[in-house]
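This is the structure, below, for whatever I ask next.
The values are calculated or read from the model by the stated rules, or taken from the named source; none is laboratory data. From a predicted model like this one, the values you see are computed outputs, not experimental measurements. Here the Cβ is made from the backbone with ideal geometry for all residues, glycine too, and neighbour counts use every protein chain on show. Note: accessible area is taken over every heavy atom of the protein model, side chains too, but ligands, DNA and RNA are not part of it. Shrake-Rupley method; radii C 1.70, N 1.55, O 1.52, S 1.80 Å.
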Amino acid sequence: MTAAAVTCTLLAAALTGCSSDDSAGEVTDIVIGADLAFGSAVDTAYRRALELKVQQLNASGALGNRRLVLQIQDNRSDPTASLRNIGTFADDRSVAAVISGFCGECAVGAAGTVNKQQIPTIALAAADQVSEPVTERRWMFKLGPNTADSAAAMTAELVRSKIAKVAVLYSDDLYGRGGHTAIRAELDKAGVAVSGSTSVKPTATNISQAVGDLVATEPQALLVLVGPEQAGLAAISAKGAAFAGRIYYDAASAGDLFIPRAAAAATNNATMVFTQILAIDDVIATTPAKASRKQWFRDYTSRYGSYSGVASFAADAVELIAGAVNRVGGDRARIRDILETSQIDGLSGPIRITPDNHSGLMPQALTLLVARSGRWRIAS
């Protein structure tokens with residue numbers, strides 16, 4: 001694979017390097033369980049990234065005589081099904097670690113089982129409660145933007161743009177409610193007025209009434225804290241309500257590189273807080289980490305035809321687990337201990353996990369992107 005050398009380099013930077021201790025012999029399978037919703041566009045991107053990254057790592061030889069095996073179970077975005085899946089993974093001693101998907105309620109609902117059965121788990125959900133409080137999440141980690149960091153970056157841009165009044169649309173789930181609390185706190189500190197706030201169910205396919213009510217409060221900007229499947233709907237609804245202000249998305253709204261045609265015109269000039277990976281064509285490969293991100297982008301796009309911004313989080317989760325496996329094999333307790341002190345420059349950006357912070361994506365990973373001509377570009 002084209003990424004074989006890069007994969008080895010990332011493992012070296014993450015932990016101890018490509019192991020030279022493995023002797024030739026029988027290959028040992030190390031299983032990673034994945035709890036995903038097959039009907040979710042975000043989890044589909046996660047699944048693709050997991051499959052590609054596992055294949056790349058195995059082909060690279062970085063793990064010596066160990067081989068990663070991915071086992072995926074469908075949770076249907078249902079916390080009960082998710083709990084059952086993770087419990088099954090935990091009971092199977094061949095499963096060294098678990099990666100869970102976008103459903104925040106699923107990850108939080110399974111946290112007790114994860115701790116009790118002591119299986120290291122990396123959640124790709126946006127909700128902060130996935131990894132907090134750390135005292136109750138010893139075996140649970142999170143990869144993805146934190147709401148406080150996203151809110152701070154968004155508010156700083158509002159202040160720079162001299163926007164004094166905003167309205168907030170957020171999803172009525174753990175992520176959305178937490179994001180709403182975080183952005184309101186930042187807006188209050190910055191002295192930015194909020195003309196209105198409205199929540200929408202995360203499964204809603206028509207949010208025009210909610211957006212129209214917010215536009216009627218005459219804000220200068222509309223702040224959108226919803227998942228990627230509703231982000232385009234928010235822009236279309238705002239345009240339909242004759243909104244003339246700016247639209248700002250938080251990091252959890254990120255979806256594909258190319259904005260769906262139906263939403264492209266309405267989304268034009270919208271700003272989003274996210275990582276550089278979604279506009280990697282604008283990035284010059286001045287460091288090994290940036291070169292690795294560009295290579296990953298090309299590999300994913302070559303395989304699947306386009307790129308999903310969230311794919312890098314799933315790939316980094318596999319990278320972290322692989323780095324631990326490279327050192328200690330399938331020992332769950334030792335994998336957990338290594339994850340808790342992991343430091344890598346990942347595909348998403350700098351990742352630093354500590355015993356006091358199990359959500360590893362650093363604030364420096366976030367930047368501002370602007371929608372131009374149907375795709376995302378780094379704001380200039």
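Just one of (1) open to solvent by less than 20 Å² (accessible area, probe 1.4 Å); (2) farther than 25 Å from ILE378 by Cβ trips up GLY179, so point out which.
(2)
Could you grab the pairs with beta carbons closer than 7 Å, sequence gap of 6+ or different chains, first residue in the range 247-273 and on the phi < 0 side of the Ramachandran plot, second one charged (D, E, K, R)?
LEU257/ARG375; PHE258/ARG375; ILE259/ARG375; ALA266/LYS239; ASN268/ARG372; THR271/GLU157; THR271/ARG246; VAL273/ASP250
OK, next. Test GLY330 against the stated conditions and say whether it is among the small types (Gly, Ala, Ser) and closer than 30 Å to LEU158 by Cβ.
no
In this structure, is VAL166 open to solvent by less than 40 Å² (accessible area, probe 1.4 Å), under 25 Å from PHE102 (Cα atoms) and modelled with pLDDT of 95 or more?
Judged against the criteria, VAL166 is not a match.
Separate question: Determine whether LYS142 is of a type in the set (D, E, K, R), open to solvent by less than 20 Å² (accessible area, probe 1.4 Å), over 19 Å from TYR249 (Cβ atoms) and modelled with pLDDT of 95 or more.
The answer is yes for LYS142.
Only one of (1) among the polar types (S, T, N, Q); (2) modelled with pLDDT of 95 or more; (3) open to solvent by 70 Å² or more (accessible area, probe 1.4 Å) is not met by ASN75, so which one is it?
(3)
Next up: Kindly establish whether SER208 is touching a helix residue (DSSP H, G or I) at 6+ places or on another chain (Cβ under 8 Å), at pLDDT 95 or above and open to solvent by 40 Å² or more (accessible area, probe 1.4 Å).
The answer is yes for SER208.
For the range 211-231, what are the residues that are free of Cβ contacts under 8 Å to residues at least 40 places away in the same chain and surrounded by 19 or more Cβ atoms within 10 Å (Cβ to Cβ)?
ALA231
Specify which of the listed residues (ARG160, ARG184) is of a type outside the set (Val, Ile, Thr) and in contact with a Ser or Thr (Cβ under 8 Å, 6 or more places away or on another chain).
ARG184
Please give the number of the condition VAL224 fails out of (1) modelled with pLDDT of 95 or more; (2) within 24 Å of ASP43 (Cα to Cα); (3) touching a Lys or Arg at 6+ places or on another chain (Cβ under 9 Å).
(3)
Can you give me the ranges of the helices (runs of 4 or more DSSP H) entirely in the range 275-380 with at least 1 residues that are open to solvent by less than 10 Å² (accessible area, probe 1.4 Å), at pLDDT 95 or above and in contact with a Pro (Cβ under 8 Å, 6 or more places away or on another chain)?
311-328, 332-339
Here is a check on your reading of the model: is ARG93 touching a His at 6+ places or on another chain (Cβ under 8 Å) and of a type in the set (D, E, K, R)?
No: the conditions fail for ARG93.
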